[in-house]
Amino acid sequence: MLRDQLYKKLIKPFFFRKDPETAHYSMLKSLKTLSGVPFFIKLLSKSCTYKSERLHTELKGLHFSNPLGLAAGFDKTGELYPYLSRLGFGFIEVGTITGEKQDGNPLPRIFRYEEEFALINRMGFNNPGSEEAFHILNTQKKVIPRGINAGKTKVVALENALEDYLKTFKRLIPLSDYAVINISSPNTPGLRNLQEKDSFYKLIQGIQKGLSESFQIPIFVKFAPDLNDKDIEELLEIVQSLNLGGVILTNTTINEKVLHTNRLIESGGISGKPLRQRSNETIRLAYKKLQGKTPIIGVGGIFSGEDALEKIQLGANLIQIYTGYVYEGPFLPYKILSYLDSFMMKQGVRSIEELVGTASNL
């Protein structure tokens with residue numbers, strides 16, 4: 001694809017000469033500036049978007065034009081939604097948003113491991129807080145399904161986490177199509193303790209009661225890949241017993257062994273290609289445990305159409321990208337979706353739903 005080659009030869013080197021966070025904000029500034037150029041967004045949208053009826057899917061009462069979403073972490077404030085929603089995705093997940101504004105961890109806090117096609121981040125949920133996020137999102141027209149990913153404010157004690165999550169959800173759920181409880185980031189001290197069985201049950205039940213019937217959208221929970229299989233199965237049993245909307249598998253890993261060098265120079269969560277295998281193992285395990293009754297969003301190491309198909313066939317109803325998007329660029333959604341559609345057409349498959357879990361027992 002010529003436009004993809006031009007991007008990688010001319011534009012990507014410009015951004016990759018900058019540190020990752022500076023490059024991200026440069027991209028945001030460029031996108032905002034160029035959106036004022038007549039027809040720019042329209043032309044970019046046409047270049048990045050692939051459409052096919054075969055890619056349409058329904059999940060928890062929501063309609064998705066395709067199963068590919070952008071994972072939380074890329075649009076931390078919601079400011080990018082108007083642009084990203086026109087760049088080929090089926091849905092966008094905003095956040096992570098915390099109850100109160102926080103600056104995150106000291107700079108530098110995100111690093112490229114280019115030889116591994118990985119990112120290491122210790123961002124620490126830098127975001128404008130739930131109140132400012134409401135003002136940002138409230139001015140936007142919702143074009144495609146939008147999820148809101150909520151985490152715990154760092155200065156809030158773990159025993160007060162429930163109130164902090166509820167503050168975010170009560171403000172932002174009215175502007176969202178689904179919600180995500182993020183208890184799996186490795187960059188907020190103590191957060192992953194909420195994945196312990198008793199704490200998890202208490203938190204999820206508390207959120208459900210706190211939202212009551214006035215906030216009826218699907219609620220997902222995002223798990224870490226570093227849990228052992230037994231712990232994952234126990235948590236999935238709670239997910240089922242409390243009738244949660246679904247699970248997102250997985251967040252970043254702190255397991256250095258996934259790197260070829262087995263040496264993490266900077267501390268933080270590892271994403272990208274090194275995460276792919278463990279993410280896939282977790283999806284396979286979850287699909288078998290949930291028996292297809294509870295939806296799975298698969299994320300971790302998707303860089304191609306083949307990677308995306310693999311996750312769907314292992315049991316993911318929807319998929320998300322983040323690090324692959326950073327490395328491969330804006331035409332990755334087109335490449336992934338065109339590959340999926342071509343595969344489905346050749347196999348005589350009429351919908352994404354027919355592919356879900358077809359390789360789970362292989």
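The values are calculated or read from the model by the stated rules, or taken from the named source; none is laboratory data. From a predicted model like this one, the values you see are computed outputs, not experimental measurements. Note that we place each Cβ from the backbone using ideal geometry, even for glycine, and neighbour counts take in every protein chain shown. Surface areas here come from the heavy atoms of the whole protein model, side chains and all, with no ligands, DNA or RNA. Shrake-Rupley method; radii C 1.70, N 1.55, O 1.52, S 1.80 Å.
Numbers for the structure displayed
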{"item": "Most to least packed among 11-22, 226-237 [average Cβ atoms within 10 Å]", "result": "226-237, 11-22"}
{"item": "Viscosity 1.306 mPa s, 10 °C: Kirkwood-radius Stokes-Einstein D of the range 207-362 over Cα pairs, µm²/s", "result": "96"}
{"item": "Options (i) 91, 51, 33; (ii) 69, 55, 30; (iii) 53, 47, 46 - which one matches Cα extents along the principal axes in Å as calculated here", "result": "(iii)"}
{"item": "Kyte-Doolittle at least 0.0, axis length at least 20 Å by Cα - qualifying DSSP helices, the chain", "result": "332-347"}
{"item": "Per residue accessible area of the chain, 1.4 Å probe, in Å²", "result": "44"}
{"item": "Solvent-accessible surface (1.4 angstrom probe) belonging to His135, in square angstrom, nearest 10", "result": "100"}
{"item": "Fraction of accessible area attributable to carbon and sulfur, the chain (%, probe 1.4 Å)", "result": "52"}
{"item": "Cα-based reach from Lys346 at 29 Å (exclusive), listing lysines while leaving out same-chain residues under 8 positions away", "result": "Lys46, Lys51, Lys60, Lys273, Lys288, Lys293, Lys311, Lys335"}
{"item": "Relative contact order for the chain, counting Cα pairs under 8 Å that sit 6 or more residues apart, in percent", "result": "17"}
